[in-house]
1. Can you tell me how many residues within the range 38-80 are surrounded by 13 or more Cβ atoms within 10 Å (Cβ to Cβ), hydrophobic (A, V, I, L, M, F, W, C) and under 9 Å from the mean Cα position of the chain (by Cα)?
2. Can you pull out the residues in the range 109-133 that are at pLDDT 90 or above and hydroxyl-bearing (Ser, Thr, Tyr)?
3. In this structure, does residue 96 turn out to be part of a helix (DSSP H, G or I), in contact with a helix residue (DSSP H, G or I) (Cβ under 9 Å, 6 or more places away or on another chain) and buried (at least 16 other Cβ atoms within 10 Å of the Cβ)?
4. Tell me which residues, restricted to the range 109-149, are in a strand (DSSP E or B) and over 29 Å from the mean Cα position of the chain (by Cα).
5. What is the number of the single condition among (1) surrounded by 12 or more Cβ atoms within 10 Å (Cβ to Cβ); (2) among the hydrophobic types (A, V, I, L, M, F, W, C); (3) closer than 16 Å to residue 57 by Cα; (4) at pLDDT below 90 that residue 87 does not meet?
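The values are calculated or read from the model by the stated rules, or taken from the named source; none is laboratory data. Note that the coordinates shown come from a computational prediction; the quantities given were computed from them, not determined experimentally. Don't worry about glycine lacking a Cβ; one is built from the backbone with ideal geometry, like all the others, and counts go over all protein chains shown.
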Amino acid sequence: MRGPRPGSAHRGLTLVESIVASAILAVAITAVFSAVASGRAHAEVAADELAATVAAEDLLARVLGSDPDRIDDWNGHEEAPGELVDAEGVRLAPALQRVGRRVRIEKSERTLFESVGIPGRSIVVEIFDREERTTGSLSRWIPDPEPES
């Protein structure tokens, strides 16, 4: 006669052990997918910030490279998201089209050595999203050109 020997244990998994193992596996898989989703969201935010920085730098360079006597013509210049162009009017890369940008120019004066005032302009390039929320800005101050004698 064959059969289990007295004192020998049955081999295999019980129902409770199987449920516990399945629960542990489900928690581990959920953690992995959550980490992947979080990483993707951070990558999207980083891409938006990079697009904003490049778009702002591009427009600021165009403003600073323009004729100093006509720099005030840039005040109020605005490009909506999806409509960004370079100096030749060619659309910028699709990755940069996530944001819009506008230029604001204000007269201001900087003081040197607490007595010498230098007139100039503060140039601000603002970056905004599709909901018109300002998400960043870049600014530079430039002195006014000295009049020729």
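1. 3
2. 122
3. Details: part of a helix (DSSP H, G or I): yes; in contact with a helix residue (DSSP H, G or I) (Cβ under 9 Å, 6 or more places away or on another chain): yes; buried (at least 16 other Cβ atoms within 10 Å of the Cβ): yes.
Yes; evaluated as a whole, the condition is true for this residue.
4. Initially, the range 109-149 is screened for residues in a strand (DSSP E or B), giving 109-112, 116-128, 134-143.
Answer for the range 109-149, where residues must be in a strand (DSSP E or B) and over 29 Å from the mean Cα position of the chain (by Cα): 109, 110, 111, 112, 116, 117, 118, 119, 120, 143.
5. Evaluating residue 87 over (1) surrounded by 12 or more Cβ atoms within 10 Å (Cβ to Cβ); (2) among the hydrophobic types (A, V, I, L, M, F, W, C); (3) closer than 16 Å to residue 57 by Cα; (4) at pLDDT below 90 leaves (1) as the failure.
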